[in-house]
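Have a look at the structure below before the remarks.
Here, each number is a calculation from the coordinates, and none is a lab measurement. Everything quoted here is computed from the prediction, not taken from an experiment. Neighbour counts are summed over all protein chains in view; Cβ atoms, including those assigned to glycine, are modelled from backbone coordinates with ideal geometry.
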Amino acid sequence: MKLKTLLTSVALAAGLATGAAADGHEKTKVGFVYVGPIGDGGWTYEHHQGLLAVEEEFGDQVETVYVESVPEGADAERVMTQMALEGADLIFTTSFGYMDPTINVAAKFPDVKFEHATGFKRADNVSTYSARFYEGRAVQGHIAGRMTESNIIGYIASFPIPEVVRGINSAYIHASRVNPDVEFKIIWVYTWFDPAKEAEAANVLIEQGADIVLQHTDSTAPQAAAQAAGGVYTFGQASDMAEFGPEPRISSIIDNWAPYYIERTQAVIDGTWVSEDTFDGIDTGMVEIGEISDVVPADVKAEALALIESMRTGEYHPFTGPLNKQDGSAWLAEGEVIGVGDLLGMNFYVEGVSGEIPQ
Amino acid sequence: MDLSAINPVLLLASLMVAATPILLAAIGELVVERAGVLNLGVEGMMITGAVCGFVVAVNTGSPWLGFLGAAIGGALLSVLFGVLTQYLLSNQVATGLALTLFGLGVSSLIGQGYIGIKGPEFPDWHIPLLGDIPIIGPIVFQHDPMVYVGLLICLGVWAFLKYSRLGLVLRAVGENHDAAHALGYKVIRIRMAAIMFGGACAGLGGAYLSLVRVPQWTEGMTAGAGWIALAIVVFASWRPGRLLLGAYLFGGVTVLQLNLQAAGLAIPVEYLSMSPYLATIVVLVIMSAGRAPGSLGRIFHASR
């Protein structure tokens, strides 16, 4: 990876030199910081597809650079600083844990634009963007609730942050709505990417009776574990993971970052970039639902498609009352839609989910 | 909380599976360190083994050939380390760290075309008679063959170090390489052999992840298992028996904490997550009475 970075920067330096000489102005340089390897088949893979789309769209106008498997913490700050020093104009930092490092480095480089994925801290040169994954989770919950026979749904959770909690709640609400007996077993693995640990967690959930496993981690290991166990259904996470279809993978949430990355790169080129917060879902296509496989009965599939359509048109919000919090206290009244504060900072389970969120 | 959801038989059975990759990598590193060489590149050799094993297994359709390929791949990478440290006298710590980085990079290069591909089946062995014993059978005697290969290697290393003449020579080289050299033993040749054995074992451990436990190829899939193996060697005070205990303890508590979480135990998840590390360290530190091999990490040159 070191070598890759080195070669990229050397190639880049050469490119910049010739480019500047040829047409008198520099290329726009776009950097990406990834939390996992681009070959994870999930989260980072899709971000990298976004990078490739930017290259495709702008060709010689842009220069891209990326660093994979950057730990969330001091290392991230070092990598971002290096990118900024190498002349990046726009840097996408693609994991929640990069939030503070992004803000810190952005303060040192006011002329460089930063875009932080899934966070909530902004600055004049830091935008945030995220996708309404919970819309996809609603679809998964619905299908899972209808498909489970053991009424036990396993959930591999990564870190106790609002985005993950939203996913659990949304999936549970829609599973229990079609199947009141459904029970969620949740395992926190405290990692975004560790195939062995993810496989282990999936196996444990399956051993404890789960016949549907949802994951909020990045690798395809839980899919492989479900396949080996047999009779267990899963959903692709972040990427389609179609190679595990039609079974165990019966549908998926696909993060489509490409249009957003192209739009923001264009804004930097045009000089119209401003700090803002983007939170898009099924409506704009940032969240896509992968093909629902034929293993799913036609009526369930039709219901799921109707649910997707109602979210696309905006007539339905996954967090619509009546809903209670886990302790039974009233939260959303009949027909009431969740407020922005609760949505972004969600740190509680809804009624019916057992266990506690690690604090 | 519903502890009845945990099946103790399945729990103990998955313990052996969870411990195997770490056990394999650690037993190899133990031999290397007993020969006086500190190879911090275990992670790099593991991941290289994981990809080599997967590539060979997919192309030949045989997981056994895959494991063989993994052992060769790991050993080849370790030869690089051996040449640098034993013949060119480079710093072992720095070279080992570089080996890890190199291994991660080279494995993702080799594995480019293998992401998302399914490997060949590697079925569990149902050992006749023994496997039919109630409770004990499913726990101990119904695993895939590599679990037993790992145990056999561990047993072999123990017997080799304790009873064989060559084992004694290897320990002598590790304790005091100058003295061993003075006695006429080929220090560098013995160390190279130990390094290659360590590389082959680490490769097997990595392939166990990519062929059995996960089973698929994903970049960076060892995710730190090599470092755990290194730590277990130290905490086991360089003894095979304790190393086995440490690896099983780590694997066992890892599986147990996942089970407890899924069963909804009312212990904060943070404590459960750290429990494998804590339990392993505490037990092995309490037991530890050993010391490091005398020449561990020191550079040997016959002229000095």
| query | Looking only at helices (runs of 4 or more DSSP H) that fall completely inside region B:168-277, which ones have 1 or more residues that are in contact (Cβ under 8 Å) with a residue 60 or more places away in the chain and touching a Leu at 6+ places or on another chain (Cβ under 7 Å)? | reply | B:187-208, B:225-235, B:240-263
| query | Does region A:294-316 contain at least one residue that is within 14 Å of chain B (Cβ to nearest Cβ) and either crowded, with 16+ Cβ neighbours inside 10 Å or acidic (Asp, Glu) (or both)? | reply | no
| query | Are any residues in region B:152-184 surrounded by fewer than 17 Cβ atoms within 10 Å (Cβ to Cβ), closer than 30 Å to B:Pro123 by Cα and of a type in the set (A, V, I, L, M), and if so, which ones? | reply | B:Leu152, B:Leu155, B:Ala159
| said: Which condition from (1) within 30 Å of A:Gly39 (Cβ to Cβ); (2) within 14 Å of another protein chain (Cβ to nearest Cβ) is the one that B:Ile232 breaks? | reply: (2)
| request: Count, please, the residues in region B:84-113 that happen to be under 15 Å from A:Gly41 (Cβ atoms) and facing another protein chain (nearest Cβ under 9 Å). | output: 3
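Tell me the residue from A:Ile308, A:Ile338 that is touching a residue at least 60 places away in the same chain (Cβ under 8 Å) and among the aliphatic types (A, V, I, L, M), please. Don't jump to the end; show me each part of the working.
Numbers: A:Ile338 fails: touching a residue at least 60 places away in the same chain (Cβ under 8 Å).
So the residue among A:Ile308, A:Ile338 that is touching a residue at least 60 places away in the same chain (Cβ under 8 Å) and among the aliphatic types (A, V, I, L, M) is A:Ile308.
When you check B:Pro138 against the structure, is it within 14 Å of chain A (Cβ to nearest Cβ) and in a loop (DSSP other than H, G, I, E, B), yes or no? Quick ask: steps written out before the conclusion?
Numbers: within 14 Å of chain A (Cβ to nearest Cβ): yes; in a loop (DSSP other than H, G, I, E, B): no.
So B:Pro138 fails the test.
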| query | Can you tell me how many residues in region A:194-232 are touching a residue at least 60 places away in the same chain (Cβ under 8 Å) and at the interface with another protein chain (Cβ under 7 Å from one of its Cβ atoms)? | reply | 2
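Taking only region B:117-135 into account, find how many residues are of a type in the set (Gly, Ala, Ser) and either assigned to a helix (DSSP H, G or I) or touching a Gly at 6+ places or on another chain (Cβ under 6 Å) (or both).
Our first condition is that a residue be of a type in the set (Gly, Ala, Ser); within region B:117-135, this holds for B:119, B:131.
This time we only want the ones that are either assigned to a helix (DSSP H, G or I) or touching a Gly at 6+ places or on another chain (Cβ under 6 Å) (or both), so: B:131.
So the answer is 1.
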| request: Go through region A:47-67 and give me each residue that's within 14 Å of chain B (Cβ to nearest Cβ) and either among the basic types (Lys, Arg) or more than 16 Å from the chain's Cα centre (by Cα) (or both). | output: A:Tyr66, A:Val67
| message | Can you find a residue that is within 22 Å of the chain's Cα centre (by Cα) and away from chain B (no Cβ under 14 Å) anywhere in region A:39-46? | response | no
| note | Checked pairs for region A:252-266, first over 20 Å from A:Val65 (Cβ atoms), second of a type in the set (Lys, Arg), C-beta under 9 Å and 6 or more apart or across chains, list as A:Ile253/A:Arg137
| message | Given the condition surrounded by fewer than 24 Cβ atoms within 10 Å (Cβ to Cβ) and away from chain A (no Cβ under 11 Å), answer yes or no: does some residue in region B:211-228 qualify? | response | yes
| remark: Contact list, first residue from region B:117-133 and touching a residue at least 24 places away in the same chain (Cβ under 8 Å) and farther than 19 Å from A:Gly230 by Cβ, second anywhere and polar (S, T, N, Q) and assigned to a loop (DSSP other than H, G, I, E, B), beta-carbon distance below 9 Å, six or more apart or interchain, is B:Ile117/B:Gln216
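Among helices (runs of 4 or more DSSP H) lying entirely in region A:226-345, which contain 1 or more residues that are closer than 26 Å to A:Asn151 by Cα and of a type outside the set (Asp, Glu)?
Numbers: elements: A:258-270, A:298-312, A:340-344.
Ranges flagged: A:298-312.
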| field | Contacts under 6 angstrom Cβ, first residue in region B:10-32 being under 21 Å from B:Leu256 (Cα atoms), partner among the aromatic types (Phe, Trp, Tyr) and part of a helix (DSSP H, G or I), 6 or more apart | value | B:Ala19/B:Tyr248; B:Thr20/B:Tyr208; B:Pro21/B:Tyr208
